[in-house]
Amino acid sequence: MITRLLTVAAIVAACVAVPGGALAAPAPFHDDFDNAVDADPTYGLNDNLKQRQGTGAVTYSRVSGKWNTGDVPRPWFAQVGHPNHRGKLSLHLGTTAVRLDAPSTGSTISATLTPVVGDRASGDWSSIALGRSANSWGYVSNQDIDLGFLVRANGGVQLFQPGTPVVTLPAFASAKDDGSFDVTLKLAGAKLDLTVNGRRETITLGTAVPTERLWVYLGRYSDNDKTVSLVDDLRVEQLDSDDLRKLPGSQLRYYGYFGARLNLAGGNHLPEVRGRSNLNWVQISDADAYRPEVLRDCAPEGCVVHTGNEFFDCDAAGCPLYPNAAERWQVLASKVRPHLDRVAGFVLQDEPFHHGASFADVEHSAQQIKNTFPGKKVMLIEAGVRVDDAFRVPAAVDWVGFDEYCVGYEALEARMTKLEERAPGKELFLLPEAAPQSWCADRTDADLESTQYLYMALARQHPAFVGVMVFGPWTGVGPAATGPGTPVPSKFPRATEAQERVAALVLGDARLLG
């Protein structure tokens, strides 16, 4: 157990630490910043990476972007997909920067930079800073920057090498009509081949810039907190993303959210998690009406539909089948059928055995679903405390998950091992918590952040586990909920960012092809 615990701890550390390690096979990188969901609390920075980047999953980290402090600005300073700047990385509210979480290993970097949206006369600037340190604040003239480049809205260009300006060109290029500059930096020892909006010049630097491993920082400077800077079409000739990719042979294929749509009061969160999920738990049978239109927001085969309201009549006394369960199920089936391409499968009554359902009744409901939709998966999610030596899984069930919130490594690892024993041949799922639950209300944002990486590390150790389905944070059962169906506010930026990073690993292998 101690050996495995150390292995998991190492994986968790690798997930949360600044990437490093041996060089991978180099390959080109391109981020077009398209189709990210700019949602509070993480504002799209690491959303939809697989589609944005083609090969996907190379994340970004916010850094200060300043010369005098390493304090990282609030998340909304750096956004992707802002409603006013679709398909762009937008930098707001003064001076800030972001770092690409994999280093450049080539000689050429390019991007379209807009120092000030709507302004071609300002002296405010956008920057590309390159440094051998992954812990830089990202300011162009700081000592740990090997080469700092800035272009001002008025077309002026400056270059810096550790702490010193080496080139100042007050009117190097003219901005395009939208205020943007297409910039290419090509390094060759002590020479820089610089192109800005078609003007090209070879510049002699003060010292050679080593290109073997340079971290890329994108920033902006402004004293005006009302202006915005943009970045688009970031390209890096070669990139070492080895530390951001899935482990070889990783079995994880699914990532999503339990309760992405629970009921009318809780709201439909499918659009919010579109870019960081491929399998989400939804319910379309509300107490007052069926709402199958929710399924339009599912990705193709991107949702599992809850069937508990149709089959089981659960209360404090038990959880028997409805006498007319078959008819109730067929009503739900008819509502789903026009959207069947959006449905991967159907979920049985949540925690059925924990609520008192019999094995025979659970088996019956699973078989009814399989008989109606033989090509779709049937999923069972049970409370962890019921996964014991007596736990059984009906033959018609394909996917099995368990929830056991706010417990540590040893308890989770033991439960996973037991589920593997009791559900041989089934594909298994984990359900980490995304918000404090009423029975562990003291969990902080930092605690929840660590939880996401812990579950990821454990899943990598157990080959039968193919997916992670995060519980909430809109499920209405935590301490912040005011009543049944009232969503818990998703104000956990660190935990949500960790979910995006884990999703990037699961959904898009960051090992760039080339």
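Quick notes
- When Gly138, Gly123, Gly94 are checked against the criterion of being part of a loop (DSSP other than H, G, I, E, B) and surrounded by 21 or more Cβ atoms within 10 Å (Cβ to Cβ), a single residue qualifies: Gly138.
- Options Arg200, Arg220: the member that is in a strand (DSSP E or B), surrounded by fewer than 22 Cβ atoms within 10 Å (Cβ to Cβ) and not small (Gly, Ala, Ser): Arg200
- Screening the candidates Leu380, Leu332 for the property of being among the hydrophobic types (A, V, I, L, M, F, W, C), under 13 Å from Ile284 (Cα atoms) and not in a loop (DSSP other than H, G, I, E, B) yields one hit, Leu332.
- Long-range neighbours under 8 Å by Cβ, at least six apart or interchain, first residue more than 11 Å from Phe346 (Cα to Cα) within segment 300-314, second β-branched (Val, Ile, Thr) and assigned to a helix (DSSP H, G or I): Glu310/Val331
- Selection status of Met416, buried (at least 17 other Cβ atoms within 10 Å of the Cβ) and in a helix (DSSP H, G or I): yes
Yes/no matrix, rows are residues, columns are (1) buried (at least 22 other Cβ atoms within 10 Å of the Cβ); (2) touching a residue at least 40 places away in the same chain (Cβ under 8 Å):
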| site | (1), (2) |
| --- | --- |
| Val273 | yes, yes |
| Asp286 | no, no |
| Gly318 | no, no |
| Ala326 | no, yes |
| Leu332 | yes, yes |
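- Here Gln158 passes the criteria (1) modelled with pLDDT of 95 or more; (2) part of a loop (DSSP other than H, G, I, E, B) except the one numbered (2).
- Verdict on Trp281 being outside the structural domain of Trp67 (by TED's automatic domain parsing) and either modelled with pLDDT of 95 or more or part of a strand (DSSP E or B) (or both): yes
The values are calculated or read from the model by the stated rules, or taken from the named source; none is laboratory data. Everything numeric in this text was worked out from a predicted model, so none of it was measured. As a convention, Cβ positions derive from the backbone with ideal geometry for all residues, glycine included, and neighbour counts pool all protein chains shown.
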